[in-house]
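Q: Following this message is one structure expressed as structure tokens.
The values are calculated or read from the model by the stated rules, or taken from the named source; none is laboratory data. None of the values given here were measured: they were computed from a predicted structure. Using ideal geometry, Cβ is built from the backbone for each residue, glycine included, and neighbour counts are taken over all protein chains shown. Each accessible area value is taken on the protein alone, full model and side chains, heavy atoms only, with ligands, DNA and RNA left out. Shrake-Rupley method; radii C 1.70, N 1.55, O 1.52, S 1.80 Å.
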Amino acid sequence: MNKQAVWSWLPRLFHSFSLKQRIWFTFVILITVGLVATGSIAYLIASKEIQGNAMQSSQDTVNQSAQIVNERLKNIGTAVRSLMFSDAFKQLMKDVQNKDNSNYYKYLTAFQYVFSQVKFNDSMIESILIATPIGDFYPTSSVRNSTNSFYKSEMYEQFQLLKRGFWSKGHVDPFFTGNQKVISLVAEGVSDDSYIANQSTNVYVVINVKEDDLRDLFMDNLSDTNKHYYFVDSQGEDVNYADRTQDKALIQRPDFVHQMTEASKGSFFYRDQDRQDYLVNYARLDVKDDWMIVGVQAKATLLAKLNGIKQATTFVTIGFVVISLFITNNLTLLLLKPLFRLQKLMKRVEENDLEVRFESVYQDEVSQVGFRFNRMLDEIKQLIADVRNRERDKRRAEIKALTAQMDPHFFYNTLNTIYCKSVLGENDDVNEMILALSNMFQLSLSGGRDLITLADELDHVRQYLAIQQRSYENLFVCRIEVDPELHTILVPKIMIQPLIENSILHGFKDRTAGGEIQLTARAEGEWLHITAQDNGQGLVPEILLQSMTNPTTSKHGYALRNIYTRLQLYYGTEQRMEITTNAWGGAEIDLWLPRYEKEEDFHGPSN
């Protein structure tokens, strides 16, 4: 056998090996040549990086904890501002300005809902006190300690000294019973009334935060038992009242405190009197830069892992490392090249590229999987095409079926009304109702199209209103406000009329007059926002939403459920429907639809 024949025979033999055999062959080389070198290199790299990573990890932990506390305190400050924007607070400020305390109990009652909302939004809030010259306001769930007036407290004196709001360090709550340990936010009451805003009303808001909850908030993030964390001010004194009995001589030393500069965060090594070194990380709070979270860790603990690495690491010759890397890299690429290629193809399939195909000169297990992968893609493409066709036909059928489900009682009642008016000789009304009913039928058919312009849909609504206003004389009025530029937007037909029908049949069912309906349509970016609201008896949004998402045989909310289902069939998730109660106490229904002006731009739902 000549040399050329040998070289041509070897590739064929290698291609005939199974993947298991090729991997085994590779491991023989790696075990004898590369394992020791790779392990040594890993140890060397780890020994160089561990100290830096440990220091950065400690700093990141302290920074994250400070950020958590800072954001929570900011939220409490936001809660104070929202309390001052409430109607009850605005009216209170006016009475304080007028020195009128006749409405004290009225505002005390009105504030209970505001207090409940503030405490509900942040469970860390223990108690709230609004101190005013006409009396104190606080949640009735808290018991006020009437012997301690805010205006005679240290907080009031501190505010007069600072002339601005501030956070106080931990203390026992003096204003409410229970001896709760709290941290307090003190802010002066303000009003958006320009006349009141320019004058001092001597109104103050005190928010007491549970210091235990505040400490648990950041301590939950600090789980390393080899480190100690402190919540202190710039002098090293504890912010929390409960922590002040503990011995913290280290962080209260002047030379220790001096190294914590005014920077928002930082780290340094500190050596104590016993010549022990510590790694110190600190981060200040934005809401009160005098407060910070400090982490202290013994340097010996930090570097303990390095000593183990130094003992376990051995020197490896440069030539051995080069050979090991060369063999490992090239053999891995050679042996796993088909698998890598198949992996890349699968990633492309994950990105919905079904046109990829696997090709290989090998006959091993990976190649066999690749060829079966090709056949699977062909079958998937065919299945997807079949499913899309069936889903498209099914969706069209469902849309047409839902559109056709118009309430026959409307037509029966309309025909009966036409008959009665005809008998009574009210021929003008009869003529208008017949013409409106005819136009409604014509617009409903719309040449077999499912999408019509907003202008046509509004015409359909107007014809419906013309009939109903003749049937229910003086019951209601309807105002329609639509920008003419939106008239060419395409919407599903018979989508707005059921909203008006809902107001008439349900909202005004106990009325004989005075009903008002307002229909608006406006552009919001790429959306068409349609709103229908009335001053009727209103709806229960939770019950209707439950009925729409879990259909039953009940006719309650049937028209709205029909709209909800059709919107999903037309647009999928690219739509929104909301049912709420408006300022009148009546129903408000909002629809957000994508804006399309051409049917070719409409591609159906995307879920």
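Q: Restricting to the stretch 65-79, name every residue that is in contact with a strand residue (DSSP E or B) (Cβ under 9 Å, 6 or more places away or on another chain) and of a type in the set (Lys, Arg).
A: Arg72
Q: If you check Lys288 against the conditions, is it charged (D, E, K, R), under 24 Å from Ile68 (Cβ atoms) and either open to solvent by 70 Å² or more (accessible area, probe 1.4 Å) or modelled with pLDDT of 70 or more (or both)?
A: On the way: charged (D, E, K, R): yes; under 24 Å from Ile68 (Cβ atoms): yes; either open to solvent by 70 Å² or more (accessible area, probe 1.4 Å) or modelled with pLDDT of 70 or more (or both): yes.
Taking the combined requirement at face value, the residue satisfies it.
Q: If you don't mind, there's one more thing I want to ask. If I filter the stretch 465-476 down to residues being open to solvent by 80 Å² or more (accessible area, probe 1.4 Å) and more than 16 Å from His506 (Cβ to Cβ), which single residue comes out as modelled with the highest pLDDT? Break it down stepwise before answering.
A: The first filter runs over the stretch 465-476 and keeps only residues open to solvent by 80 Å² or more (accessible area, probe 1.4 Å), leaving 472-474.
Cutting the leftovers down to more than 16 Å from His506 (Cβ to Cβ) gives us 473-474.
Working: Glu473: 82, Asn474: 85.
Here the answer is Asn474.
Q: Now for a different question. Could you list, in sequence order, all residues of the stretch 75-85 that are open to solvent by 10 Å² or more (accessible area, probe 1.4 Å) and in contact (Cβ under 8 Å) with a residue 24 or more places away in the chain?
A: From the stretch 75-85, those open to solvent by 10 Å² or more (accessible area, probe 1.4 Å) are 75, 77-79, 81-82, 84-85; that's our starting set.
Hits for the stretch 75-85 are Asn75, Gly77, Ala79, Ser82, Met84, Phe85.
Q: Before we move on, is Arg372 of a type in the set (Lys, Arg), open to solvent by 90 Å² or more (accessible area, probe 1.4 Å) and at pLDDT 70 or above? Break it down stepwise before answering.
A: Working: of a type in the set (Lys, Arg): yes; open to solvent by 90 Å² or more (accessible area, probe 1.4 Å): yes; at pLDDT 70 or above: yes.
Answer is yes for this residue.
Q: What is the one condition in (1) surrounded by 15 or more Cβ atoms within 10 Å (Cβ to Cβ); (2) modelled with pLDDT under 80 that Val280 does not satisfy?
A: Tallying (1) surrounded by 15 or more Cβ atoms within 10 Å (Cβ to Cβ); (2) modelled with pLDDT under 80, Val280 fails exactly one: (2).
Q: Any residue in the stretch 86-106 that is free of Cβ contacts under 8 Å to residues at least 60 places away in the same chain sitting within a Cβ distance under 9 Å of a residue that is exposed (fewer than 11 other Cβ atoms within 10 Å of the Cβ) and small (Gly, Ala, Ser)? List the pairs, counting only those 6 or more apart or interchain.
A: Asp95/Ser102
Q: Determine, yes or no, whether Glu485 is in contact (Cβ under 8 Å) with a residue 60 or more places away in the chain, over 17 Å from Ile579 (Cβ atoms) and open to solvent by 60 Å² or more (accessible area, probe 1.4 Å).
A: Values: in contact (Cβ under 8 Å) with a residue 60 or more places away in the chain: no; over 17 Å from Ile579 (Cβ atoms): yes; open to solvent by 60 Å² or more (accessible area, probe 1.4 Å): yes.
Judged against the criteria, Glu485 is not a match.
Every residue, every condition in (1) in contact with a helix residue (DSSP H, G or I) (Cβ under 9 Å, 6 or more places away or on another chain); (2) open to solvent by 10 Å² or more (accessible area, probe 1.4 Å); (3) of a type in the set (A, V, I, L, M, F, W, C); (4) over 16 Å from Gly585 (Cα atoms), yes or no:
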position: Pro492; (1), (2), (3), (4): yes, no, no, yes
position: Leu499; (1), (2), (3), (4): yes, no, yes, yes
position: Leu505; (1), (2), (3), (4): yes, yes, yes, yes
position: Thr520; (1), (2), (3), (4): no, yes, no, yes
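Q: Hey, another quick one. Say we look at the stretch 320-362 and pick out the residues that are of a type in the set (Val, Ile, Thr) and modelled with pLDDT under 65; which of these is surrounded by the most Cβ atoms within 10 Å (Cβ to Cβ)? Full working, then the answer.
A: Here is the first cut: in the stretch 320-362, the ones of a type in the set (Val, Ile, Thr) are 321-323, 327-328, 332, 349, 356, 361.
Next, only the ones that are modelled with pLDDT under 65 stay: 321-322, 328, 332.
Details: Val321: 16, Val322: 11, Thr328: 18, Thr332: 13.
Here the answer is Thr328.
Q: How many of the residues in the stretch 95-125 are crowded, with 16+ Cβ neighbours inside 10 Å, charged (D, E, K, R) and more than 30 Å from Val287 (Cα to Cα)?
A: Total meeting the criteria: 1.
Q: Could you figure out which of (1) surrounded by 12 or more Cβ atoms within 10 Å (Cβ to Cβ); (2) modelled with pLDDT of 75 or more isn't true of Thr414?
A: Failing condition for Thr414: (2).
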